[in-house]
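The values are calculated or read from the model by the stated rules, or taken from the named source; none is laboratory data. Predicted model, so just to flag it, every value in this text is computed and none were measured. Here the Cβ is made from the backbone with ideal geometry for all residues, glycine too, and neighbour counts use every protein chain on show. Ligands, DNA and RNA are excluded from the accessible area calculation, which covers all protein heavy atoms including side chains. Shrake-Rupley method; radii C 1.70, N 1.55, O 1.52, S 1.80 Å.
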Amino acid sequence: MFSRRENLGLLLALIGVVLFAGTLPATRIAVEFLDPWFVTFARAAIAGTAALALLLAFRSRVPPRETWPALVIVGLGSAIGFPLLTALAMQTVPAAHGGVVVGILPLATTMAGAWIAHERPSPGFWLTALMGAALVVIYALWHGGGGSSFAIGDLYLLLGIAAGAVGNAYSGRLVRGMAGWEVISWALVLVLPPSLGLAILLAPTNFVAVAARGWAALLYVGIVSQWVAFFPWNLGFKLAGIARVAQVQLLQTFVTLGLAALVNGEAIDFETIAFALAVVVTLMIGRAMPVRG
């Protein structure tokens, strides 16, 4: 029997995935008009400023000193490393390669969770995780027509995956003793001084020359992708564990396509539906596989 606690955690993770779904498309829009280095530090600065305001409003206590190194790693991995490397990659690789990130990141997060948070997924869980990752990667490369050649952007994506996975794993470990929204908020606050300073230094000289959609995309990745989406995501880690929650992110590619169909009226073909159903099946099978804490 599946516990209500885990089911609620997976539902919250799905809400987080829906909020994350616009990250790569919004990043691609932002870097059309803004320098990717500025986009990275500006989104962290925007999120960090909002996080500081919320922490002050709720008079949240400063976390114990022994948690600071882990919080800094979350900030550097989730707020700096992953956004910067994916922003650089989106300048040089097809959009389809961005979908590969979604395919590999859940598996990488599960591996990092086993190493950092000492979770022990069963062999059956690892098998379904590999199957799910393979399905999403195959879909992204085949359906996107991105080709198979390796470019510098793909190296950025691989490094970004590593940074995101480590940030996720440390978040999953920290939420055992902290509220999920506080973990991401304090992590952002700790990297706020350098983020704000570098954002000001790298800011465009002519703000008016930047298209409104570029600023809107930056605002989305700053408030939603970098901060608010982590509220349900981190709480999901707390309730269901790192390995199980990470696998929910396999659905992100298909959620992104669904939102595009809903907002832009884009058609969804049979192959997309078939791959999405196959991923759901692997998630359901993996749900039945044990994961030891």
Worksheet, complete the sentence: Taking region 120-136 and the residues there that are farther than 16 Å from Ala108 by Cβ and of a type outside the set (A, V, I, L, M), the one that is nearest to the chain's Cα centre (by Cα) would be Arg120
Worksheet item: Of all residues in region 257-290 being of a type in the set (Val, Ile, Thr) and surrounded by fewer than 21 Cβ atoms within 10 Å (Cβ to Cβ), which is modelled with the lowest pLDDT?
Response: Val263
Practice prompt. Please list, ordered by first then second residue, the pairs with beta carbon atoms under 9 Å, 6 or more apart or interchain, first in region 207-234 and among the charged types (D, E, K, R), second open to solvent by 10 Å² or more (accessible area, probe 1.4 Å).
Written response: Arg213/Ile29; Arg213/Glu32; Arg213/Phe33
Item to complete: Would you check which residues across region 181-195 are open to solvent by 40 Å² or more (accessible area, probe 1.4 Å) and in contact with a Gly (Cβ under 7 Å, 6 or more places away or on another chain) and list them?
Response: Leu190
Worksheet item: So is Thr109 open to solvent by 50 Å² or more (accessible area, probe 1.4 Å) and either in a helix (DSSP H, G or I) or modelled with pLDDT of 95 or more (or both) or not?
Response: no
Practice prompt. Give the residue that is surrounded by the most Cβ atoms within 10 Å (Cβ to Cβ), with candidates limited to residues of region 201-216 that are outside any helix (DSSP H, G or I) and among the hydrophobic types (A, V, I, L, M, F, W, C).
Written response: Val210
Worksheet item: Do we have Leu219 as under 29 Å from Met111 (Cβ atoms) and outside any loop (DSSP other than H, G, I, E, B) here?
Response: no
Fill in: Near pairs, Cβ below 9 angstrom, 6+ apart or cross-chain, from region 74-90 (under 19 Å from Gly180 (Cβ atoms)) to any residue that is buried (at least 24 other Cβ atoms within 10 Å of the Cβ) and basic (Lys, Arg)
Ala79/Arg43
Worksheet item: Can you name the condition, by its number, that Leu251 falls short on among (1) within 25 Å of Arg292 (Cβ to Cβ); (2) within 15 Å of the chain's Cα centre (by Cα); (3) open to solvent by less than 30 Å² (accessible area, probe 1.4 Å)?
Response: (3)
Fill in: The lone exception for Ala134 - which of (1) in contact (Cβ under 8 Å) with a residue 40 or more places away in the chain; (2) out of contact with any Phe, Trp or Tyr (no Cβ under 8 Å at 6 or more places or on another chain); (3) open to solvent by 30 Å² or more (accessible area, probe 1.4 Å) it fails
(1)
Worksheet item: Which of the residues that make up region 217-240 are buried (at least 23 other Cβ atoms within 10 Å of the Cβ) and farther than 20 Å from Leu188 by Cβ?
Response: Ala240
Fill in: Any hit, region 263-283, residues being in a helix (DSSP H, G or I), touching a residue at least 60 places away in the same chain (Cβ under 8 Å), within 28 Å of Glu182 (Cα to Cα) and aliphatic (A, V, I, L, M)
no
Worksheet entry | For Ala163: the one exception among (1) at pLDDT 95 or above; (2) open to solvent by 30 Å² or more (accessible area, probe 1.4 Å) | (2)
Worksheet item: With respect to the numbered conditions (1) at pLDDT 90 or above; (2) closer than 19 Å to Gln91 by Cβ; (3) open to solvent by 70 Å² or more (accessible area, probe 1.4 Å); (4) not hydroxyl-bearing (Ser, Thr, Tyr), which one is the sole condition not fulfilled by Leu198?
Response: (3)
Discussion item. Leu107 - would you say it is among the aliphatic types (A, V, I, L, M) and in contact with a Ser or Thr (Cβ under 9 Å, 6 or more places away or on another chain)?
Written reply: no
